[in-house]
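Just below is one structure, and these are the notes that go with it.
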Amino acid sequence: MNIINLTENPNRPDIFHKYNVESRHALVIDNGSFKCRAGWSNSEKPILDFRNFILKPRRDRRKEVTDPLINKHTQIGNAITNLESVRLNLKTQFDRNIVTHFHNQEQIFDYIFAHLGVHNEESFTHPVLLTEALGNPNYFRQQMNELLFECYGIPSVCYGIDSLFSMRHNAVGSDTLIISFGYNTTHVIPVLDGQMRIENVRRLNLGGYHIIHYLHRLMQMKYPMHINAITISKIETLLHCHSSIALDYLEELRRWSDIDYYTDNVKKIQLAFVMPTTQGTPQNQDQKIEKRKELTRRLIEINARRAKSKQLDMENQLRFMSSVRELYEIGEMVEFEAALKQNDIENVVALDKTISSLRARLQQMETSTQDSSQIANRAPKEKTSNNKKPPTDVPLEKWVSEINLKRDEILGRKEVRKARRQEAAKRHTAAAQERMRIISLLAHNDKGIDNFGVNDNDWDVYKSINKDNESDSESDNEKLLEYETILSKHDPSFKQNAIQSSDVAENYQLHFSVESIRAPEILFQPSLIGCPEMGVADLIDFVLKLFPADEQQRLVNGILLTGGCSQFAGLKERLSKELLEKRPFKTPFKIYAAPSPEIDAWLGARDFANSNDFNNSLTLKSDYEEKGSDYFKDHLYSNRYYANA
């Protein structure tokens, strides 16, 4: 049995690194819509790796009066230890794969600079290499330039495309067909002679985000009783670790329809649950008493703290009023009148009434505080145990037999009630029809007249409606627990028909079966989620047909799969099957899967930052000031620059 325990591991906050002022290495930032990775160009791997999420606390205007900084703390990335508890309040700087919210992007940069040890008062002399979306509009690049040059004062910046940097790192060749599986989009990028053919690039508006949320909906619809336990974090773990792409989707569905195949391959996700405990035992009674004492003590402490705070406020007010009264007694009438006017008091008589009222209320509060302390020291009465001992004048066997009969009677009543409830749930039974007849009679009344309830007997209709749908009485449940406790102690042959732990656990299990292949299948069949676009295999075939036959062959000899979704098991085999069907007969092709697609873009950008071509690709601040805020120097791994008309 494949049982999986999904645990939501909390994020570990990023540490603050030391900044070497004498270093002149470039700062490399892979600003992805799913994760952001940042580090220096001399690092082996990214120093920072965090989700591009921002959590802003909800404003509490009452606390802002006393502490203006109470709502200024913002959590970013790995500083958010529990994503699910604040999922609805998370913000991002992206609109799909384009940075549009630059106030959030500024906070992301602040987080990066702070954890790399760079402070605002220091002069930042490092060039910055930043990834951006393919086909990023000039307007948003202009906003990014203004943020970097004006806000942070960087000397130069270089923009690049993450998938092209991944191609550089994997060194597939100068002729490559890149399939970039992103979080919001999937791109097919042809590269010939090291140059991206931007006019033939095509985009599929599907990515990891859509797969995650499709799987989330599937599991919630399958298990509506566990809808709150099926979180996005659990779904992401299922997708990353236990999902795959089927080689033949229809054939795989037919396999899952076989009960033997289902039993052997289904994965069961065990949710958290609490085992039912037997109530009424002496241990549980003692626990209840102790819990009641603890709850009483806590409530009294809370009330005492509130009363103490209120008492201090009233004492301060009384001292102030007394000082105002002293001004009247010593003849300082100008200050006295000003104090009365400031506190909306008419005259000295009203002042004396206020002072008397405050003293009386303080005395009453002191009396109530003493009473509450006496109550706190008083122990609650303990209930006597329900454990009955066998009577002395009755044989033990006969007494146990009587207890068994009483227990069977209660179980019989519970079974009858259960059968009635099941029968009432059916629409065509006599009980259901009678209930609907009574409801229709209540609804059939003279228009505009509603005198239901004037007579107390009117309410007896609810007894008629629910007479066959009563729930188990609490007294019966208590008696049943009491009898079972007695039998477990005095009847060796008694086997309590309790719910076993395995049975309870099965009620809190999710069967992850055909969903493991159905969710990733939307990459090849977007119509599963109502998307009218073609699948990734058809998109590759469409892009290839934009080129002559010889260039097509050059492209298919180096197909590179990169991006987070390229890690799905079976993706390479499925694409091989699809291309074999679409390509001309006996034409070869080769597919390369990036070994570390999540960080390949950052590693390729780091390699480019250490190359000789990097300095010639930098956009200086003087270029920004002279040639316009949207200007940037393009290179082999960037978008093309088109000046605004």
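Quick notes on this one:
- Members of the stretch 230-248 that are surrounded by fewer than 17 Cβ atoms within 10 Å (Cβ to Cβ) and of a type outside the set (S, T, N, Q): ILE232, HIS240, CYS241, HIS242, LEU247, ASP248
- One residue from LYS479, LYS463 being modelled with pLDDT of 80 or more and within 23 Å of ALA419 (Cβ to Cβ): LYS479
- Output for the stretch 501-546, where each listed residue is assigned to a strand (DSSP E or B) and closer than 21 Å to PHE568 by Cα: HIS511, PHE512
- When the residues of the stretch 74-104 are filtered to those that are touching a residue at least 60 places away in the same chain (Cβ under 8 Å) and over 14 Å from the mean Cα position of the chain (by Cα), the one that is farthest from LEU134 (Cα to Cα) is ALA79.
- Subset tally (residues that are surrounded by 18 or more Cβ atoms within 10 Å (Cβ to Cβ) and not in a strand (DSSP E or B)) for the stretch 155-164: 3
- Qualifying residue in the stretch 545-558 (condition: surrounded by fewer than 17 Cβ atoms within 10 Å (Cβ to Cβ) and closer than 29 Å to LYS45 by Cβ): no
- Being touching a Gly at 6+ places or on another chain (Cβ under 9 Å) and either surrounded by 17 or more Cβ atoms within 10 Å (Cβ to Cβ) or of a type in the set (Lys, Arg) (or both) is a property that VAL172 has.
- Filtered residues of the stretch 144-154 (kept if surrounded by 17 or more Cβ atoms within 10 Å (Cβ to Cβ) and in contact with an Asp or Glu (Cβ under 9 Å, 6 or more places away or on another chain)): MET144, ASN145, LEU147, PHE149
- Looking only at residues in the stretch 117-135 that are under 29 Å from the mean Cα position of the chain (by Cα) and in a loop (DSSP other than H, G, I, E, B), the one that is farthest from LYS18 (Cα to Cα) is LEU134.
- Residue match in the stretch 572-588 (condition: farther than 30 Å from TYR641 by Cβ, hydroxyl-bearing (Ser, Thr, Tyr) and more than 41 Å from the chain's Cα centre (by Cα)): yes
- Criterion: assigned by TED's automatic domain parsing to the domain that holds LEU487 and at pLDDT below 70 - qualifying residue of LYS414, LYS426: LYS426
- Selection count, the stretch 179-207, where residues are within 28 Å of LEU148 (Cβ to Cβ) and either under 32 Å from the mean Cα position of the chain (by Cα) or surrounded by fewer than 21 Cβ atoms within 10 Å (Cβ to Cβ) (or both): 12
- The number of residues in the stretch 12-51 that are over 21 Å from GLY117 (Cβ atoms) and part of a loop (DSSP other than H, G, I, E, B) comes to 3.
- Given (1) more than 22 Å from GLN553 (Cβ to Cβ); (2) touching a Leu at 6+ places or on another chain (Cβ under 6 Å), index of the condition GLY153 fails: (2)
- Test: residue in the stretch 109-116 that is in a loop (DSSP other than H, G, I, E, B), under 29 Å from the mean Cα position of the chain (by Cα) and assigned by TED's automatic domain parsing to the domain that holds PHE16: yes
- None of ARG574, ARG583, ARG606 is out of contact with any Cys (no Cβ under 6 Å at 6 or more places or on another chain) and in the same structural domain as LYS35 (by TED's automatic domain parsing) except ARG606.
- Conditions (1) closer than 22 Å to PRO595 by Cα; (2) over 26 Å from the mean Cα position of the chain (by Cα); (3) β-branched (Val, Ile, Thr); (4) modelled with pLDDT of 95 or more; number of the one not met by VAL172: (4)
- Hey, GLU409 at pLDDT below 80, farther than 30 Å from ILE300 by Cα and either out of contact with any Lys or Arg (no Cβ under 6 Å at 6 or more places or on another chain) or part of a loop (DSSP other than H, G, I, E, B) (or both) or not: no
The values are calculated or read from the model by the stated rules, or taken from the named source; none is laboratory data. Keep in mind that this is a model prediction, so the values were computed, not measured. FYI the Cβ positions are ideal-geometry reconstructions off the backbone, even for glycines, and counts take in every protein chain you see.
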